[in-house]
1. Cross-link partners among aspartates and glutamates for LYS394, C-alpha distance below 18 Å, same-chain residues fewer than 8 apart left out?
2. If you look at just the Cα atoms of region 244-409, how large are its Rg and its Dmax in Å?
3. Cα centroid distance between region 186-249 and region 270-346, in Å?
4. Quick check on the exposure proxy: order TRP285, TRP38 from fewest to most C-beta atoms within 10 angstrom.
5. Can you compute the modelled spin-label distance between LEU365 and ASN192, with each label point 7 Å from Cα toward Cβ, in nm?
6. Quick one: what do you get for the chain if you divide its Cα Rg by 2.2 N^0.38 Å?
7. In the chain, which Cys residues have no partner Cys with a Cβ closer than 4.7 Å?
8. Just for the chain, what percent of DSSP beta bridges are antiparallel, to the closest 5?
Amino acid sequence: MLKIIKDFLFSHNPDLVVQAPSRINLINPLDAVEGDFWMPSVAINGKTNPLSVFLYVKTAELKSSLKIYSFDNNMVFPLQFEEQIQKNEKFIRSKMVGDNKLVYGSIYRLMKVSASFSDKFNNSNIEIGILTTIPPKSGLGGSAAIIIAVIFGLTNFFKLYNNLNSLQENELPFNEDTIAEIAMRVEDKDLNITAGYSDPYTICRGGLRFCSYVGKFDHREISKEPLAICDRIDEMYNINDIPLIVCFSGKTHESGDVHGILRKLYSQKDQNLLNHYKNLADLSWKSRFALMRHDWELLGDYFKENTKIMNKVMKHAGFKHGIGLVNNILINIIEARKDVYAAKLTGAGGGGSIFALVDPNKVELIFKSLKEDINNLSEDYQAFNSRFPLAPKKIANHLKKTQIFQVVIDKIGVKKL
């Protein structure tokens, strides 16, 4: 699938093609308050579906344009949307709502932080093409990956990435750190989506990382607060891969809606919430020692405790079903297998994805059997109702939409192809 996608993108004769991976937060969600904490996160690719955002940029003759492509199971990539990009702030701002707000929010922020970018962008005609294989609103960092692909792609296209000679007074260079910081502010400041630093830092840098966000709670202007500190621990601890299987329930969510509520309670110093986040932070630093030892069973115990805490947090915040009814049912189905150490949420909750931590010697077997287990329950409502008598029938229908992916660690992060 990756080769087919690359062939398609390069058939447009681009000047540049980039790929931005998805990500999983191993202990989460601390996104709403991560400025006071730390967490392990991993950039991932799917073994079949690459679970990535792809972007190409090329010089155009007459006008600038944006093209959005989709894909189907037959590996056909129809043009889903196309429009001319008018190079003025009023137009860009008007587009920071709707389906392509992530793209235009990224361009808007680039124009604000870099006079060199504005000059080059305003005096060039370019075609931007985007294709994503990350299921939308799935809790896998798909929004951040789009933003990062745009920022990384355009700054490389205009030769501004790591170019100190292009800087004007008080400007910072474009690099992995500043792109991560800019990407967060696109969501949090420009698009009013409550977001945090974990997604952009992990997607920018790649690998399995243990990141500290201490001092970043207020999301101040870049250089007015510390940068995140991200240890690359997959290489440090000789972790070539993590035995994970990702299940997207098909139920989408708006992560900012969840994070916004949690962040408000945290800012109000809700003692119940503070206690739970302290326990999550303890799980985070303990998990690093489990990763160091490649002790997947112990890591699974931490994941299960993470789920218990987050169900309490979400119910305390007013979410009736905690992390989500379909999520808890998926976790129950997955953890019923003896070779699964744990299953837990990635993303904000409500919808999103569950990932399973499994016996590393049985990943293929478990992957196939999980697909069968979920398919059988979704097709046989009597069996589903017998196992989950209090769950409404619509949950069984949601399970029919479940997508299951084997994943590997993305070692590089956002990159040029």
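1. Reachable aspartates and glutamates: ASP373, GLU379, ASP380.
2. Looking at region 244-409, its Cα Rg and Dmax stand at 16.3, 47 Å.
3. Cα centres, region 186-249 to region 270-346: 19 Å.
4. Least crowded to most crowded, the residues run TRP285, TRP38.
5. About 5.3 nm, to one decimal.
6. Working: Rg = 21.1 Å, N = 417, 2.2 N^0.38 = 21.8 Å.
This ratio for the chain stands at 0.97.
7. CYS204, CYS247
8. Numbers: 51 of 57 bridges.
The answer is about 90 percent antiparallel.
Coordinate-derived values only; no laboratory data. Model, not experiment: these values are computed from the prediction. Cβ sites come from the backbone with ideal geometry, for glycine too, and all protein chains shown count toward neighbours.
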